[in-house]
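Since the structure comes first, as structure tokens, the remarks are kept for the end.
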Amino acid sequence: MSHSKILSIQLNSFVRRVDDKQQVLALVTQQQCTLKRIRRSKNWLLSGSETQLTSLMLFLTDLQLLWINQAIVKGLPKPKVNLQQLISSHLDMTLNKLIAQTGCSLSEVRIAFDLAEDFSD
């Protein structure tokens, strides 16, 4: 079994942006992640495996905490997918669905759709 790489996500101005720090700390601990202040700065560091961070996002549903989800998404590694193969195997795939599922940019997805159409002709 391979060990998951620990990822670290910087949360700028964490204490100022969160009303209930203890609630967030409890959620973080519950998902086996860590949240620590960076030295004496106002920034904090959220750490955990990709799986732990992804599962933590499911619990950060309060509107005030969505910025933490966005920071996690930015910090997660981009999945390596063959977009053309995904399009070919799912003919009902839309641009928006593909972007949501893969995290690719709009331009990457458009190029993949163009290439997939060329192969199907």
Taking helices (runs of 4 or more DSSP H) that do not extend beyond the range 74-121, which have at least 1 residues that are loosely packed, with under 12 Cβ neighbours inside 10 Å and of a type in the set (Asp, Glu)? 106-120
What is the one condition in (1) out of contact with any Lys or Arg (no Cβ under 7 Å at 6 or more places or on another chain); (2) at pLDDT 90 or above that LYS42 does not satisfy? (1)
Taking the range 52-74, which residues are small (Gly, Ala, Ser) and over 8 Å from the mean Cα position of the chain (by Cα)? SER55
Give me the pairs: first residue in the range 21-32 and under 12 Å from PHE59 (Cα atoms), second residue of a type in the set (Val, Ile, Thr), beta-carbon distance under 9 Å, and six or more apart or on different chains, which are they? VAL24/VAL18; VAL24/ILE68; VAL28/THR34
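Quick one: is LEU45 part of a strand (DSSP E or B), on the phi < 0 side of the Ramachandran plot, out of contact with any helix residue (DSSP H, G or I) (no Cβ under 7 Å at 6 or more places or on another chain) and touching a residue at least 12 places away in the same chain (Cβ under 8 Å)? If you could, list the steps in order and put the result at the bottom.
On the way: part of a strand (DSSP E or B): yes; on the phi < 0 side of the Ramachandran plot: yes; out of contact with any helix residue (DSSP H, G or I) (no Cβ under 7 Å at 6 or more places or on another chain): yes; touching a residue at least 12 places away in the same chain (Cβ under 8 Å): yes.
Yes, satisfied.
The values are calculated or read from the model by the stated rules, or taken from the named source; none is laboratory data. All figures in this text were calculated on a predicted structure; none of them were measured in a lab. So basically every Cβ, Gly included, is an ideal-geometry build from the backbone, and we count neighbours across all protein chains shown.
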